[in-house]
Amino acid sequence: MNESIDLLMLALLPGVAPRAARDLLARGPLGDSLARPDEHGDLLPGPARALLRGGEARRRAEAEGRRARGLGIRVLALGEADYPERLREVYAPPPVLYVRGRLVPDEGGRSVAVVGARAASAPGRALARTLSHDLAAAGATIVSGLARGIDTEAHRGALAAGGRTVAVLGSGLDRVYPPENEELAAGVGRDGALVSEFALGTPPRPENFPRRNRVIAGWCRAVVVVEAGEKSGALSTARAALDEGRDVMAVPGHPTQPLAAGTNALLRDGATLVRSAADVAQEIGLVMPVTEGRARIADDVLEAMRPDTPLSLEELQTRCGRSLPDLLARLAVLEMDARVRRLPGPLFVRELSA
């Protein structure tokens, strides 16, 4: 108990980043270091040392713990047995995690991050949802950041499959961002877990999201980037994954599309190409259910098309009876397999060899 409070104290100290916290932990028993803050001035800035000397740091930590319990939030310390095992092994793990929901022991080996652009395209959103749905149905835990666009669809796909999903926030757990995802966050918290390394009340500041992305990357066996521009935050998740020795995968896109610039660059640099959940499953040793995977994708969509007759989305919906997101996801897979070609309009036509 004392060790957990000490770790929470450390996490709440102003100006002490995870790297400095790691270095302080390496110096010996944390309680001893916090009791003699002036001996560690290279790692603890002046305001942090002042809070420790006067006992205010401990009072703040105890109050934070009480507030979290009142909100149904667990404060999970680094030393506890159910702290995520892969995250524990990263270069600078967060001293504590705030958790709402349920963590599953030893699930890191089957956890996959699905991330990408906030301003995602309709086909990208649909593919993220289908990819996450099929992976979750096969037993993978889908991890993402609850952001708009690809992240949102990743969580929705996993929930629709009745699978597990974990959302890592760049704010306090009592400050869900974006606000329109409050209902989605509630669903994630019921069937999976909402997680943050940030104190209660922390707003979604821009500088929080690189730290959030490192947690996502460290949590998982692999990171899949569905869509990303040249400066997308999803690329920082991919870089963090590479730093920690995780597998990095990416969905290819047409070179003229801005949202394909980041994913195509990852593929150029050695990322594994992803066309469907089966590609991800093969990389991480996950067995897909016989009713899932590439073999069943879009047969009815192909049957509805002819090589000499371009069709609009509306015409394909009428012929196939599929929802628009479902149809877009299947068309995206067929395009990557060179079985369908997109024409201006947009129109879609079956390739002669398909």
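The values are calculated or read from the model by the stated rules, or taken from the named source; none is laboratory data. Remember, predicted model here, so these are calculated numbers, not experimental data. Cβ: placed from backbone, ideal geometry, glycine included. Neighbour counts: every protein chain shown.
Out of Ala68, Ala113, I need the residue that is within 21 Å of Gly192 (Cβ to Cβ), in contact with a strand residue (DSSP E or B) (Cβ under 8 Å, 6 or more places away or on another chain) and in the same structural domain as Arg211 (by TED's automatic domain parsing). Which one?
Ala113
Any residue in the stretch 143-163 that is more than 22 Å from Gly285 (Cα to Cα), hydroxyl-bearing (Ser, Thr, Tyr) and part of a helix (DSSP H, G or I)?
Yes, some residue in the stretch 143-163 is more than 22 Å from Gly285 (Cα to Cα), hydroxyl-bearing (Ser, Thr, Tyr) and part of a helix (DSSP H, G or I).
Would you call Gly101 of a type outside the set (Lys, Arg) and at pLDDT below 90?
No; evaluated as a whole, the condition is false for this residue.
How many residues are surrounded by fewer than 16 Cβ atoms within 10 Å (Cβ to Cβ), modelled with pLDDT of 85 or more and among the aliphatic types (A, V, I, L, M) when one looks only at the stretch 266-295?
The total comes to 1.
Scan the stretch 226-239 and tell me whether some residue there is touching a Leu at 6+ places or on another chain (Cβ under 8 Å), within 20 Å of Leu71 (Cβ to Cβ) and touching a residue at least 40 places away in the same chain (Cβ under 8 Å).
The answer is no; no qualifying residue exists.
Show the residue pairs that are 6+ apart or on different chains and have beta-carbon atoms under 7 Å apart, the first residue being within the stretch 260-284 and in contact (Cβ under 8 Å) with a residue 60 or more places away in the chain and under 20 Å from Ile142 (Cβ atoms), the second being β-branched (Val, Ile, Thr) and assigned to a helix (DSSP H, G or I).
Val274/Val280; Arg275/Val333; Ser276/Val333
Just checking, how many residues over the stretch 165-213 are under 16 Å from Gly145 (Cβ atoms) and either of a type in the set (Asp, Glu) or assigned to a loop (DSSP other than H, G, I, E, B) (or both)?
Qualifying residue count for the region: 20.
In the stretch 109-133, how many are in a helix (DSSP H, G or I) and within 15 Å of Val224 (Cα to Cα)?
Counting residues in the stretch 109-133 that are in a helix (DSSP H, G or I) and within 15 Å of Val224 (Cα to Cα) gives 12.
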